[in-house]
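Only one structure is covered here, and it is reproduced in the block below.
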Amino acid sequence: MFPVARAAQSLVARGIQHTAIRQAHRKHAPTFHDKYGTTVLLSGAVVFSAVWTYVLTQLKIEWGFSPVGRITPSEWRE
């Protein structure tokens, strides 16, 4: 292996080790996402489902946009 590549690899590995040690020794205070992340996600999913359930069941949406059977051809004029 080239000396420059070996030096770069050891620097990266040393940086990762320092980061892991630094994070292991500090107290982890819960953030907003730790406290409320699941609740916010689930409430958003409930609201999303409720709105689309209403839209798909209560509004008078006409499904099937095909004109077959709705349009009758006019008589041919010569």
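In segment 1-59, Rg over Rh equals 1.47, where Rg is the alpha-carbon radius of gyration and Rh the Kirkwood radius from pairwise Cα distances. Modelled label positions at W76 and H28, each set 7 Å beyond Cα in the direction of Cβ, lie 7.9 nm from each other.
Readers should treat all values here as calculations from the given coordinates under stated rules, not as data from a laboratory. Predicted, not measured: the structure shown is a model, and the values here were computed from it. Every residue, glycine among them, receives a Cβ derived from its backbone with ideal geometry; neighbour counts consider all protein chains shown.
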